[in-house]
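Notes for the one structure printed next.
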Amino acid sequence: MDNLLVFFVSFLFFSSVYGDNNCPLDSICGNNRFDIRFPFGIEEPCTYNPSFNIKCNNQGRAILSLPSAGDFYVRDINYLMQEIQVYDQFDCLPKRLTTFQLPPSSVLKPVYYRNYTFLTCSTDLVMSFHVISCMSNSTISTLATSSTNLASQMVTLYNCKVDNTFSIPVSWTPLYEAVFSSDLNNDLVLTWDEPNCQECEVEGQLCGFKNVTSGEIQCFDVPGTGNTKGIQIFRIVALALVIPAITCSLGVTCYICYEQSRDSRRSAAALQNTTAGGAAVVPQPETSIGLDDSTIESYTKVVLGESKRIPGPNHGICPICLAEYHPKETVRCIPECEHCFHAECIDEWLKINGTCPVCRNNPSPVHVNFS
Ligand SMILES: *[C@@H]1O[C@H](CO)[C@@H](O)[C@H](O)[C@H]1NC(C)=O
Ligand SMILES: *[C@@H]1O[C@H](CO)[C@@H](O)[C@H](O)[C@H]1NC(C)=O
Ligand SMILES: *[C@@H]1O[C@H](CO)[C@@H](O)[C@H](O)[C@H]1NC(C)=O
């Protein structure tokens, strides 16, 4: 019984569909929503070259090892755009980025590099700014900006110290230089040119070696989808066993929550009866006011080019309608946090709700432009 359980669990963590040459055509690691396939792979002889090796650890995390930059967890792989999105296992990407260096021969490359000035300031004075929280504590906060102008203003106005200027790999060119980049904490995107499998992807085919010795690649038809279906069915069966267990524990949790909230409502009511300031205990419904048209219009609109590259910490889909961006579409970005959306989506949202739908920041109506 135990063995069976281990088998199920390891199946949920890691599964592969094998091709004719004993190389997995398509592997899955953990609960990740992306699959691992050529040029990436989990077994060395089957990857395009060692740069594309991915390890799947026993917590079901896919790990990419970069030469001299170290290990990163993989969030997603976009085979069509030839992009891999990675993050720091300790949730402090900015710190990793200050020392991030890849040898010129590296196959995987950041999209852009940009110079960022890192400042250390007294936490009391800069609390209202986007500080890099994992590099800050109650006395000292770290801020980063790509605007040298803003950096020197911070030194004169807030007595900050310039830590250093680092060339940082980023996946966008900031539209707004004059803001602190909390988004250095967003995932790092790396791209590759070789091998170019985009043609196969567009045709819905799989890419692979034509000749392992020469390194030639070619597109293959997706083999008997029955094979992949088998794996899907297996996962569904495995999940079917897991879901009732989760539902059951959810039921118990809900009951406990209900009991607790009943208790806290009782004690809140008791407090209200005994103290005049009882209202402070009962949470007020959140009221939010929309922005007026002229404020919304003051936020920059961008018409997307063929590359569809969006400025800021954005990942190719509009977070409101969840549709992918297409060339020539108009996006609007919120200056403070650089989150972007289809203009028609965000305009409607901001009219009724004055906060960024992604990070809930309040965009301020007035912008100070330092650059
Ligand atoms: C960053 O600064 C260095 C040294 O000042 C300079 O050589 C380099 O071109 C700058 N890089 C970018 C991307 O601006
Ligand atoms: C905060 O960080 C600074 C520098 O990183 C360190 O010198 C200081 O001791 C830390 N303070 C606290 C309260 O942890
Ligand atoms: C594969 O490439 C090698 C080296 O280029 C060549 O010698 C060999 O004949 C090729 N094999 C096939 C099956 O085409």
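The values are calculated or read from the model by the stated rules, or taken from the named source; none is laboratory data. Remember, predicted model here, so these are calculated numbers, not experimental data. Neighbour counts are summed over all protein chains in view; Cβ atoms, including those assigned to glycine, are modelled from backbone coordinates with ideal geometry. Please note that ligands, DNA and RNA were not included when accessible areas were found on the heavy atoms of the full protein model with its side chains. Shrake-Rupley method; radii C 1.70, N 1.55, O 1.52, S 1.80 Å.
Observations on the model:
- Residue match in segment 275-293 (condition: modelled with pLDDT of 75 or more and in a helix (DSSP H, G or I)): yes
- Yes/no for M135 being among the aliphatic types (A, V, I, L, M), without any contact (Cβ under 8 Å) to a residue 40 or more places away in the chain and more than 16 Å from ligand 1 (Cβ to nearest atom): no
- Among residues of segment 77-124 being surrounded by 15 or more Cβ atoms within 10 Å (Cβ to Cβ) and without any contact (Cβ under 8 Å) to a residue 24 or more places away in the chain, the one that is farthest from R37 (Cα to Cα) is T123.
- For segment 72-116, the set of residues classified as away from ligand 1 (no atom under 16 Å from the Cβ), closer than 13 Å to V189 by Cβ and among the β-branched types (V, I, T) consists of V74, I77, I84, V86, listed by residue number.
- Restricted to segment 2-67, the set of strands (runs of 3 or more DSSP E) holding at least 1 residues that are open to solvent by 30 Å² or more (accessible area, probe 1.4 Å) and at pLDDT 90 or above comprises 54-56, 62-66.
- Residue match in segment 139-147 (condition: in a strand (DSSP E or B) and open to solvent by 90 Å² or more (accessible area, probe 1.4 Å)): no
- Of all the listed residues (N314, N361), the sole one being surrounded by 14 or more Cβ atoms within 10 Å (Cβ to Cβ), under 17 Å from the mean Cα position of the chain (by Cα) and in a loop (DSSP other than H, G, I, E, B) is N314.
- Any hit, segment 107-126, residues being within 16 Å of ligand 2 (Cβ to nearest atom) and within 16 Å of the chain's Cα centre (by Cα): no
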